[in-house]
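Reviewing the structure listed below.
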Amino acid sequence: MTTATVIGGADQVLTEDEVTAFVGEALAGAGLEGRSVCVIVPDATRSCPLPLLLSAVSTALEGVAAKVTILVALGTHAEMTPEQLRKHLGGDYPNVLNHEWWKPDTFADLGSIGSDRVGEISGEMLRDEVPVRLNRAVVEHDVALVVGPVFPHEVVGFSGGNKYFFPGVAGQEVIDFSHWLGALITSANIIGTPGITPVRALINEAAALIPAEKLALSVVAQSGTDALHAVAFGDTESSWQAAAEISAQTHVRYLEHPVQRVVSVMPPKYADIWTAAKGFYKVEPIVADGGEVILYAPHVTKLAAMHPEIEKIGYHCRDYFLGQWDHFRDLHWGVLAHSTHLRGSGTWDPASGEHHRVQVTLATGIPEDVVLGANLGYLDPAAFDLAAYEADPDTFVVPNAGETLYRLQ
């Protein structure tokens with residue numbers, strides 16, 4: 001791992017000219033002449049001035065790289081339309097691909113991570129061989145250049161870096177396995193954890209199988225804006241590490257005391273609960289036992305557009321699934337992980353059933369019967385009085401929720 005080059009810091013906001021100049025200089029010295037480059041970028045569920053960054057990258061690679069392909073790391077999110085891509089990327093670029101995770105021929109087989117190594121990485125929480133498949137566009141280029149933000153993350157600790165490969169453009173096996181490992185640790189215990197968490201170690205192990213050279217422009221965004229605090233350039237591990245250290249200073253807020261209720265006001269970029277659940281992940285640590293988190297998102301009309309099976313499974317704590325593992329083990333572990341991440345910590349036993357530390361309530365456009373059937377609380381968004389909650393001393397309202405992590409001091 002090399003040392004990353006960094007511009008900016010936690011207490012700075014970079015100008016567009018500073019960002020453009022830094023990107024140009026970084027890529028000019030990266031030895032990309034005559035090489036093909038696959039640029040991996042996030043979808044629209046992350047705050048990031050992607051048009052600025054892609055413009056700078058495109059200018060730096062023009063006449064230098066033999067070929068440039070832009071690959072959108074959807075994970076298992078919905079496909080972006082041409083119009084959405086044009087707005088998201090900031091213009092029309094040639095060779096733009098959605099990660100078509102639903103198509104088997106999208107992938108190249110990179111081998112596997114052995115069960116012994118998985119046991120070592122996971123502290124013996126899991127011991128299975130993990131097949132490693134990756135979007136073949138990455139494999140078919142000389143260089144894989146990740147361009148995207150770093151935030152506290154419920155599965156891996158901090159997002160970014162090699163996470164843009166796994167799960168960003170990965171096959172279902174790694175996605176399911178990594179997310180379930182995170183669920184076993186629990187979101188509350190891993191989110192915002194600095195350094196190499198077990199899930200990060202698994203992702204790095206998979207990334208080591210990628211034949212392309214792996215570079216990254218890891219950015220620290222001012223949450224909810226198009227501004228940047230910092231940009232780090234280097235290989236995908238050193239760049240990520242530098243950005244994560246700054247993210248830990250800018251994207252984590254501390255409260256002195258737990259709160260009884262949190263209202264997370266979800267912005268439009270979260271189109272379903274699969275993504276809007278970040279409004280719970282980021283505040284769970286500050287909620288008192290027996291408290292409540294309300295996700296206020298009247299624009300959301302579905303639990304999971306790409307994973308309708310969550311309506312059947314519902315939302316449950318980790319121990320609900322572990323206690324009945326024979327019944328659930330053959331389902332997608334990534335869906336089970338999402339279920340536990342939103343339901344938060346709790347207990348289950350056959351005699352007394354399930355008990356949750358925190359109540360989760362949706363004030364969304366999802367029908368009441370669907371919400372209640374998924375084991376969540378329901379509030380009518382049309383009757384929801386946000387101003388009353390803002391005036392309530394027992395309620396903590398988080399505007400533009402989903403990216404800033406809240407913790408207790």
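The values are calculated or read from the model by the stated rules, or taken from the named source; none is laboratory data. This is a predicted model, so every value here is computed, not measured. Counting neighbours? That spans all protein chains shown, and the Cβs are built from the backbone with ideal geometry, glycine included. All accessible areas refer to the heavy atoms of the entire protein, side chains included, with ligands and DNA or RNA removed. Shrake-Rupley method; radii C 1.70, N 1.55, O 1.52, S 1.80 Å.
Return a yes/no flag: does region 272-293 have any residue that is over 20 Å from LEU408 (Cα atoms), in contact with an Asp or Glu (Cβ under 8 Å, 6 or more places away or on another chain) and among the β-branched types (Val, Ile, Thr).
So far as region 272-293 goes, no, none of its residues is over 20 Å from LEU408 (Cα atoms), in contact with an Asp or Glu (Cβ under 8 Å, 6 or more places away or on another chain) and among the β-branched types (Val, Ile, Thr).
Are there any pairs, at least 6 apart or on different chains, whose C-beta atoms fall under 8 Å, with the first in region 73-84 and on the phi > 0 side of the Ramachandran plot and the second part of a helix (DSSP H, G or I), and if so, which?
What qualifies is GLY75/ILE175.
If you go through region 237-265, how many residues are more than 28 Å from GLY9 (Cα to Cα) and either in contact with a Cys (Cβ under 6 Å, 6 or more places away or on another chain) or in a strand (DSSP E or B) (or both)?
Residues flagged as more than 28 Å from GLY9 (Cα to Cα) and either in contact with a Cys (Cβ under 6 Å, 6 or more places away or on another chain) or in a strand (DSSP E or B) (or both) within region 237-265 amount to 5.
If you go through region 8-17, how many residues are buried (at least 19 other Cβ atoms within 10 Å of the Cβ) and either under 23 Å from GLU213 (Cα atoms) or over 26 Å from the mean Cα position of the chain (by Cα) (or both)?
Quick first cut of region 8-17, residues buried (at least 19 other Cβ atoms within 10 Å of the Cβ) only: 8, 14.
Restricting the remaining residues to those that are either under 23 Å from GLU213 (Cα atoms) or over 26 Å from the mean Cα position of the chain (by Cα) (or both) gives none.
Matching residues across region 8-17 total 0.
Quickly run through region 18-29 and pick out the residues that are hydrophobic (A, V, I, L, M, F, W, C) and either open to solvent by 20 Å² or more (accessible area, probe 1.4 Å) or in contact with a Gly (Cβ under 9 Å, 6 or more places away or on another chain) (or both).
Listed by number, the residues that qualify are VAL19, ALA21, PHE22, ALA26, ALA28.
Only strands (runs of 3 or more DSSP E) wholly contained in region 103-188 count here; list those with 1 or more residues that are open to solvent by 10 Å² or more (accessible area, probe 1.4 Å).
Values: elements: 107-113, 130-135, 143-149.
Those strands (runs of 3 or more DSSP E) span 107-113, 130-135.
If a residue must be part of a loop (DSSP other than H, G, I, E, B) and either modelled with pLDDT under 95 or of a type in the set (Phe, Trp, Tyr) (or both), how many such residues does region 375-392 contain?
Residues meeting the conditions: 1.
One residue is enough: does region 308-330 have a residue meeting the conditions part of a loop (DSSP other than H, G, I, E, B), crowded, with 16+ Cβ neighbours inside 10 Å and under 18 Å from the mean Cα position of the chain (by Cα)?
Within region 308-330 (the criterion being part of a loop (DSSP other than H, G, I, E, B), crowded, with 16+ Cβ neighbours inside 10 Å and under 18 Å from the mean Cα position of the chain (by Cα)), the answer is no, since none of the residues qualifies.
Looking at region 1-44, which of its residues are part of a loop (DSSP other than H, G, I, E, B) and among the β-branched types (Val, Ile, Thr)?
Scanning region 1-44 gives THR2, THR3, VAL13, THR15.
Being in contact with a Lys or Arg (Cβ under 8 Å, 6 or more places away or on another chain) and at negative phi is the filter here, so list the residues in region 322-345 that pass it.
Quick first cut of region 322-345, residues in contact with a Lys or Arg (Cβ under 8 Å, 6 or more places away or on another chain) only: 340, 344-345.
Answer for region 322-345, where residues must be in contact with a Lys or Arg (Cβ under 8 Å, 6 or more places away or on another chain) and at negative phi: THR340, SER345.
Please go through region 335-374 and pick out each residue that is among the small types (Gly, Ala, Ser), outside any loop (DSSP other than H, G, I, E, B) and open to solvent by less than 10 Å² (accessible area, probe 1.4 Å).
ALA337, SER339, ALA363
Under 7 Å between Cβ atoms, at least 6 apart or on separate chains: pull out the pairs that start in region 259-281 with a residue that is over 16 Å from THR361 (Cα atoms) and end on any residue that is open to solvent by less than 10 Å² (accessible area, probe 1.4 Å) and in a helix (DSSP H, G or I).
Filtered contacts from region 259-281: TYR270/ALA276.
Please identify the pairs in which a residue from region 31-42 that is without any contact (Cβ under 8 Å) to a residue 12 or more places away in the chain has its Cβ atom under 9 Å from the Cβ atom of a residue that is open to solvent by 10 Å² or more (accessible area, probe 1.4 Å), counting only partners at least 6 apart or on another chain.
Qualifying pairs under 9 Å: GLY31/GLU213.
State whether one or more residues within region 73-91 are within 20 Å of THR225 (Cβ to Cβ), open to solvent by less than 50 Å² (accessible area, probe 1.4 Å), touching a strand residue (DSSP E or B) at 6+ places or on another chain (Cβ under 9 Å) and not charged (D, E, K, R).
Yes; the residues of region 73-91 include at least one that is within 20 Å of THR225 (Cβ to Cβ), open to solvent by less than 50 Å² (accessible area, probe 1.4 Å), touching a strand residue (DSSP E or B) at 6+ places or on another chain (Cβ under 9 Å) and not charged (D, E, K, R).
Taking the options ALA208, ALA242, name whichever one is without any contact (Cβ under 8 Å) to a residue 12 or more places away in the chain and not aromatic (Phe, Trp, Tyr).
ALA208
Residues of region 30-45 being of a type in the set (Val, Ile, Thr), out of contact with any Phe, Trp or Tyr (no Cβ under 7 Å at 6 or more places or on another chain) and either open to solvent by 60 Å² or more (accessible area, probe 1.4 Å) or over 9 Å from ALA66 (Cβ atoms) (or both), which ones? Spell out the reasoning first.
To start, the set of residues in region 30-45 that are of a type in the set (Val, Ile, Thr) comprises 37, 39-41, 45.
Imposing the further condition that a residue be out of contact with any Phe, Trp or Tyr (no Cβ under 7 Å at 6 or more places or on another chain) reduces the set to 37, 39, 41.
Answer for region 30-45, where residues must be of a type in the set (Val, Ile, Thr), out of contact with any Phe, Trp or Tyr (no Cβ under 7 Å at 6 or more places or on another chain) and either open to solvent by 60 Å² or more (accessible area, probe 1.4 Å) or over 9 Å from ALA66 (Cβ atoms) (or both): VAL39, VAL41.
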